[in-house]
Amino acid sequence: MPRTKVTPHHRQLFIALSRIGNNLNQLTNNAHLGMYAHKMLQKDLLDRTVKVNH
């Protein structure tokens, strides 16, 4: 199949969504390994959310 053109805006959105997914996977993996206390996980998730929104 031929590749379709992706607009710069859509590319930026795809990259941002990929980063969110990677961050969520890292947090989930660490939580399953017992590396986080509940409050620590919540704080780290909020910190990453703020970074993505800016």
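Details
- To put it simply, the accessible area of the chain at a 1.4 Å probe is 61 percent carbon and sulfur.
- Extension reserve of the Asp44-Ile15 stretch, reckoned as 0.36 nm per residue once the Cα distance is removed: 8.4 nm
- Cα pair distances exceeding 12 angstrom across region 12-54, given as percent: 61
- Tilt relative to the chain, helix 8-32 - C-alpha long axis, 0 to 90 degrees, to 10: 20
The values are calculated or read from the model by the stated rules, or taken from the named source; none is laboratory data. Computed from a predicted model, the values in this text were never measured in an experiment. Side chains are part of the model used for accessible areas, which takes the heavy atoms of the whole protein and leaves out ligands, DNA and RNA. Shrake-Rupley method; radii C 1.70, N 1.55, O 1.52, S 1.80 Å.
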